[in-house]
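The values are calculated or read from the model by the stated rules, or taken from the named source; none is laboratory data. Please read all numbers here as calculations on a predicted model, not as lab measurements. Areas reflect the complete protein model, heavy atoms only, side chains present, ligands, DNA and RNA absent. Shrake-Rupley method; radii C 1.70, N 1.55, O 1.52, S 1.80 Å.
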Amino acid sequence: MRLSVCWIASLLVTACLLSGCSVLPKPEPVAMNQYLLEYTPAETATAVDDMPVLIVTTPRAHGGYDTHRIAYMEQPFGLRYYTRSRWADTPSRMLAPLLANAIQATGQLQGLYAVPGSIAADYRLDTELIRFHQDFTQQPGVVHITLRAQLVDLRANRVVRTQQFNVVEPTTANDSYGGVVAANRAGSQLLDELAQFCTNEPR
């Protein structure tokens, strides 16, 4: 009798294994928080007639920043990423259309986010995203955004000017959401400065 019970139990275990069953509990899915970069111009100027057209290209992101992952540093040169938080898109792809909106809001240029050569334009803004991370090597923590911009006159086929922008914004919390909030504040400041950079040049 005891042998029969053992034999039946072994058959049940074998059948369970073959069918992919498991007596172990299934791991719970990890909840992933997704965040956006957003921008609202403080003021929107009235557009003038026949505004020059400026094409905004997608910033070229340096190594470590061309990703949806939210980056931070706990020691110099050591880039790490949050495991349960991420951007809804890469920072460079989120920044480009916001930059076009910031330029459009000046009322001096028609800012468009498009592929170069896809539409006729007077100017082009090329940018490089050099840094975009939360920094815990100092306390309180801060968010660093560094971006290099180049304004090109397409009519004269020349570089009008180049400038590097560096924005540092303190965080109110040493976690991913604190970094996201600070990144949005820093991003708004950066976009305002870039819009000014584009419109200061005499037309």
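By DSSP, the beta bridges lying fully in the stretch 52-203 are antiparallel in about 70 percent of cases.
Close amide H contacts of Leu154 (hydrogens built in the peptide plane, cut-off under 5 Å, sequence separation of 5 or more or a different chain): Tyr123, Arg124. Remark on Gly141: its backbone amide H falls under 5 Å from those of Thr171, a criterion applied only to residues 5 or more positions apart or on other chains, H modelled at 1.01 Å from N. Sequence-ordered 3J(HN,Hα) estimates for the stretch 162-170 from the Karplus curve with 6.51, -1.76 and 1.60 and θ = phi - 60° stand at 9, 8, 9, 10, 9, 10, 10, 10, x Hz, glycine and proline given as x. Anisotropy class assigned to the stretch 72-197 is prolate, per the alpha carbon gyration tensor with a/c at or over the 1.5 cut-off and a/b larger than b/c. Taking all protein chains into account, the per residue accessible area for the stretch 64-144 stands at 47 Å² (1.4 Å probe). Please give the Cα centre distance for the stretch 39-77 versus the stretch 138-203, rounded to the nearest Å. Value for the Cα centre distance between the two parts: 7 Å.
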